[in-house]
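None of the figures in this text is laboratory data; all of them are computed from the coordinates on show. As the structure is a prediction and not an experimental result, all values here were calculated from the model. Here Cβ is always computed from backbone atoms with ideal geometry, including for glycine, and neighbour counts include all displayed protein chains.
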């Protein structure tokens, strides 16, 4: 079972190694948006307020 | 490919965010500041009961506030740029092309996915309008964006007819379920200002996304030569 898993993952490794960086980039983008667009700390909210309203993020 | 996507997102996101931020300051901010006068109760329109909802500083020219808006606009579009250019790169990995003209269409699709589709249920709000709880709106917003992104991807790239049907279902579902709505409509801001704000926010968002898509495809292409991995 373990051998089977290892064999299968090594055959997929070339496509995984191409897609993994892209998934990391997407996750980085989501993190940036979570902080800039959605996080509700009062300081962050105050600073990002006008842009959040203008870019259609749920605010307040 | 990771560094190529990050570099592309930084350049394209900063350009789109700066341009979008300037358009926002010129076209959206005056409407927002006008609305805040109603929100804070400085002025009222007939029949309304102004609710004190926290002031957001002076309504006059406020340099710090405007610079923060520009900075956050750039941060938000770098964030969107990371996702957009990673998805473009996914197409390049499958030996497809993303020309600059196609990049423009990618950008417009991005606007539909993250701005227009959630805005169909939760229109861009002026400060002071009544709305449902923040958490429920954020969940609905996120789910709507995700469903719309998948739907647009299926429409653009899938060849199976069933995918088109699935896409229509994904496009409709968030709106059939419906966005969280407030229990009471009691916003102190006049509807004329609120609708003007929503229209301006959509217009500026569309322009920013068009620029983001255009420059994302451009920078992905010119960084192709120094891609080592």
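Details
- Scanning the stretch B:93-109 finds one or more residues that are within 12 Å of chain A (Cβ to nearest Cβ) and in contact (Cβ under 8 Å) with a residue 60 or more places away in the chain.
- Output for the stretch B:125-147, where each listed residue is within 13 Å of another protein chain (Cβ to nearest Cβ), over 18 Å from residue B:198 (Cβ atoms) and assigned to a helix (DSSP H, G or I): B:134, B:135, B:136, B:138, B:139, B:142, B:143, B:146
- Within the stretch B:146-179, the set of residues being surrounded by fewer than 19 Cβ atoms within 10 Å (Cβ to Cβ) and under 13 Å from residue B:119 (Cα atoms) comprises B:175, B:178.
- Selection count, the stretch B:137-171, where residues are over 18 Å from the mean Cα position of the chain (by Cα) and under 30 Å from residue B:185 (Cβ atoms): 1
- Looking across the stretch A:41-56, just one residue is more than 7 Å from chain B (Cβ to nearest Cβ) and assigned to a loop (DSSP other than H, G, I, E, B), and that is A:41.
- Taken together, B:166, B:171 contain a single residue that is in contact (Cβ under 8 Å) with a residue 40 or more places away in the chain, within 30 Å of residue A:18 (Cβ to Cβ), away from chain A (no Cβ under 14 Å) and part of a helix (DSSP H, G or I), which is B:171.
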